[in-house]
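Asks: Here it is: the structure, laid out below.
The values are calculated or read from the model by the stated rules, or taken from the named source; none is laboratory data. Here the structure is a predicted model, which means the values were calculated and not measured. With ideal geometry, Cβ positions are generated from the backbone for all residues, glycine too; neighbour counts draw on all protein chains shown. Surface accessibility is based on the protein's heavy atoms, side chains included, excluding ligands, DNA and RNA. Shrake-Rupley method; radii C 1.70, N 1.55, O 1.52, S 1.80 Å.
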Amino acid sequence: VQHILKAARDLLAIINHELGEGGPSADRIDDALEATAPCDVLYIEDDPVNFTLVERILEFRPELKLMHARSGGSGVEMAQVNHPKLILLDLNLPDMHGSEVLRQLQQEPATATVPVVVLSADATPSQIERLLTAGARNYLTKPFDIDPFLAVVDEMVA
């Protein structure tokens with residue numbers, strides 16, 4: 001899969017160079033190719049900096065395969081196809097609120113039992129309670145400490 005991804009990126013770069021114009025972005029090709037690969041952790045997050053932070057932290061768990069969805073809709077679709085062991089969910093997504101993503105995940109038989117951990121800067125007690133009541137297994141506020149984060153991940157994917 002990694003060789004195919006690299007070949008697709010290389011081919012896209014050549015095509016874009018030859019055409020001298022924009023085409024499908026490398027991110028869209030990555031999303032399409034990743035859509036069929038199995039994963040352990042799916043992180044639904046539109047901010048690349050936040051994703052990179054979690055990606056770096058999860059390097060402490062090299063056995064875990066991490067995937068990235070940049071919107072709520074693509075996250076729901078990827079979860080249905082890839083059957084992750086854990087979903088990390090941001091709340092402020094470009095296409096829908098994370099609570100709607102959680103609701104959709106809870107309604108689908110293929111994803112209803114996958115644990116969802118919310119990662120959000122919103123530390124409002126009522127928001128936390130509402131999402132935990134709606135089915136989130138845990139709620140971690142950003143910025144979060146590495147060791148407790150890894151403990152939650154370990155607990156959920158075990």
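Asks: Please specify each residue of the range 84-121 satisfying the condition of being closer than 16 Å to Gly73 by Cβ, among the hydrophobic types (A, V, I, L, M, F, W, C) and open to solvent by 10 Å² or more (accessible area, probe 1.4 Å).
Replies: Leu93, Met96, Ala110
Asks: While we're here: Tally up the residues in the range 112-158 that are of a type in the set (Lys, Arg) and in a loop (DSSP other than H, G, I, E, B), please. Give the derivation first.
Replies: In the first step, residues of the range 112-158 are kept if they are of a type in the set (Lys, Arg); the result is 130, 137, 142.
After this cut, where a residue has to be in a loop (DSSP other than H, G, I, E, B) as well, the list is 137, 142.
Total meeting the criteria: 2.
Asks: If we keep just the residues of the range 121-149 that are of a type outside the set (Phe, Trp, Tyr) and within 16 Å of the chain's Cα centre (by Cα), which is farthest from Arg103 (Cα to Cα)? Explain how you work it out, then say what you get.
Replies: Within the range 121-149, the subset of a type outside the set (Phe, Trp, Tyr) is 121-138, 140-143, 145-148.
Filter again for within 16 Å of the chain's Cα centre (by Cα), leaving 136-138, 140, 142.
Numbers: Ala136: 10, Arg137: 13, Asn138: 15, Leu140: 18, Lys142: 22 Å.
Result: Lys142.
Asks: Quick check on my filter: what residues within the range 93-110 are at pLDDT 95 or above and either in contact with a strand residue (DSSP E or B) (Cβ under 8 Å, 6 or more places away or on another chain) or farther than 15 Å from Asp47 by Cα (or both)?
Replies: Passing the criteria: Leu93, Gly98, Ser99, Glu100, Val101, Leu102, Arg103, Gln104, Leu105, Gln106, Gln107.
Asks: Okay, moving on. Kindly check whether there is at least one residue in the range 73-91 that is of a type outside the set (D, E, K, R), in a loop (DSSP other than H, G, I, E, B) and more than 24 Å from Arg61 (Cα to Cα). Don't jump to the end; show me each part of the working.
Replies: First pass over the range 73-91, keeping only residues of a type outside the set (D, E, K, R): 73-76, 78-84, 86-89, 91.
Then keep just the ones that are in a loop (DSSP other than H, G, I, E, B); that gives 83-84, 91.
This time we only want the ones that are more than 24 Å from Arg61 (Cα to Cα), so: 91.
Scanning the range 73-91, I find at least one residue that is of a type outside the set (D, E, K, R), in a loop (DSSP other than H, G, I, E, B) and more than 24 Å from Arg61 (Cα to Cα), so the answer is yes.
Asks: Turning to a different aspect of this structure: Identify all residues within the range 129-150 that are open to solvent by 50 Å² or more (accessible area, probe 1.4 Å) and closer than 21 Å to His83 by Cα; write none if there are none.
Replies: Ala134, Arg137, listed by residue number.
Asks: If Tyr43 meets every condition in (1) touching an Asp or Glu at 6+ places or on another chain (Cβ under 7 Å); (2) open to solvent by less than 50 Å² (accessible area, probe 1.4 Å); (3) closer than 25 Å to Leu150 by Cβ; (4) at pLDDT 95 or above apart from one, which number is that one?
Replies: (1)
Asks: A follow-up question, please. If I filter the range 46-65 down to residues being more than 20 Å from Thr113 (Cβ to Cβ) and in contact with a strand residue (DSSP E or B) (Cβ under 7 Å, 6 or more places away or on another chain), which single residue comes out as surrounded by the fewest Cβ atoms within 10 Å (Cβ to Cβ)?
Replies: As a first pass, look at the range 46-65 and keep what is more than 20 Å from Thr113 (Cβ to Cβ): 46-63.
Then keep just the ones that are in contact with a strand residue (DSSP E or B) (Cβ under 7 Å, 6 or more places away or on another chain); that gives 51, 54-55, 58.
Numbers: Phe51: 19, Val54: 18, Glu55: 14, Leu58: 20.
That would be Glu55.
Asks: Does any residue in the range 66-85 that is more than 12 Å from Glu45 (Cβ to Cβ) come within less than 6 Å, Cβ to Cβ, of a residue that is at pLDDT below 95 and among the small types (Gly, Ala, Ser) six or more places away or on a different chain, and which pairs are these?
Replies: Gln80/Ala110; Val81/Ala35
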